[in-house]
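The block underneath contains the structure these notes are about, expressed in C-alpha cells.
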Amino acid sequence: MAATPESGLLLRPHARRVAPAVHVAAAAGLGKRYGNGVEALRNLDVQIQQGEMVGLLGPSGSGKTTLLRLLAGAVWPTSGTLHVFGEDVATQRGVRLRARRRRVAAVAQQHGLVPHLSVLQNVVLGRAGAVPLWRALRLVLVPSRGERDAAYGALAAVGIGELLDRPVETLSGGQQQRVAVARALLHGGELVVADEPVASVDQETAEVILAVLRRLVDDEGRTVVVSLHQPALARRFCTRLVTLDRGQLVSDRASTALVAETL
Ligand SMILES: Nc1ncnc2c1ncn2[C@@H]1O[C@H](COP(=O)(O)OP(=O)(O)O)[C@@H](O)[C@H]1O
Ligand SMILES: [Mg+2]
C-alpha cells in the first residue's frame, strides 16, 4: 500500500524514537526544608532525561541552587524522592555517594576555586574527587603532560588557554568563571550542574560559556542543568526551561533553542 500523508504522520514519532528516554534524574514530590525551617523546595515533580540542557529559571530564593545541590549530592531531600542515575539518593552514603559524585560535574556559584593555586592546578582539581587522595595531591602538585594537555584543551574551549599558569587570584571574575567551567569539562561527569555560571560575566563570555555547555549535550550526549537569570539566554541555549517560584514548579516547557544556527 502506498504511504498516505496520514500514515507518514503516524509513523514519524516512532521513527524519531532512536533510543528510549533515559532518566538521569527524577523527582517525585521532592521537598527540601533546611535546618532553620525554610522550605526551599516543595512537592516538586520533574524528570530530566539524558541529552537535555535544562535551564532553571526563577527569582532569587526560588530554590534553583537547592535543586542543583540535591542533584550534585551536596544536600538531601527532606520529603518526597529523588532518583539520580536510577538510584534513590535518600540512602546514598559512602562509596555509592562518591560513585554518584564522580558522575556529576558541578560548576559552583562562587566558582569554588582555590585562589592561590594556578589555573592549571584548579582545573586539574576537577578530577581530584574521582581518585584516591594521594593521587589527587600528585595530580595537583605535579600534573602530568597528559593532564596539562587535557587542562589546556578545556581552557582553550572556553577561550582562556593562555592563562594556564596564572594564579587564579590574578584573574578577573569572568575569567575565573571560565576556569570553573573548564574544570567541570575536565571532570567528565555525564550530568553537569551549573549554578548561574554566567551571572557575573559580560554578554560575550556568557554566550561562550553557554555554547560550551550546549556542546556537551550536542556532541557528547551529556546532560546539563543550568540556573540562569536571563530568560532570553535560556531560551537560546537550553532545550527545556523549568521555572520555579518559592520552591514550587510554575512551568516546565520545551525551548525552541536553535543554538547551532546562532553560533
Ligand atoms: N543552607 C541554607 N540554610 C537555610 N536556608 C537556605 C539555605 N540555602 C538556601 N536557603 C533558603 O532556601 C530558599 C531557596 O534558596 P536557593 O535554593 O538558594 O534559591 P535560588 O538559588 O533560587 O536563589 C531561600 O529562601 C534561601 O534563603
Ligand atoms: Mg541560587
- What's the number of the condition Leu139 fails, among (1) within 16 Å of ligand 1 (Cβ to nearest atom); (2) part of a helix (DSSP H, G or I)? (1)
- Query: Just a yes or no: is a residue in region 68-75 under 18 Å from Gly189 (Cα atoms), in a loop (DSSP other than H, G, I, E, B) and within 16 Å of ligand 1 (Cβ to nearest atom)?
  - Reply: yes
- Mind listing just one residue for me: the one in region 75-113 that is in contact with a Gly (Cβ under 9 Å, 6 or more places away or on another chain) and among the polar types (S, T, N, Q) and, of those, modelled with the lowest pLDDT? Gln92
- Item | Answer from Ala211, Ala199 - the residue that is surrounded by fewer than 19 Cβ atoms within 10 Å (Cβ to Cβ) and not in a helix (DSSP H, G or I) | Ala199
- Note on the structure: Output for Cβ contacts, cut-off 8 Å, separation at least six or different chains, first residue farther than 15 Å from Val24 by Cα in region 63-75, second within 7 Å of ligand 1 (Cβ to nearest atom) and assigned to a helix (DSSP H, G or I), reads Val75/Thr66
- Just name the residue that is surrounded by the most Cβ atoms within 10 Å (Cβ to Cβ) out of those in region 37-67 that are β-branched (Val, Ile, Thr) and more than 14 Å from ligand 1 (Cβ to nearest atom). Val54
- Residue count for region 192-223, restricted to those that are among the hydrophobic types (A, V, I, L, M, F, W, C) and closer than 16 Å to Leu56 by Cβ: 10
- Those residues that are surrounded by 24 or more Cβ atoms within 10 Å (Cβ to Cβ) and part of a strand (DSSP E or B), I need them from region 169-194; list them, please. Val192, Val193, Ala194
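The values are calculated or read from the model by the stated rules, or taken from the named source; none is laboratory data. None of the values given here were measured: they were computed from a predicted structure. For neighbour counting, all protein chains shown are included, and Cβ atoms are generated from backbone atoms with ideal geometry for every residue, glycine included.
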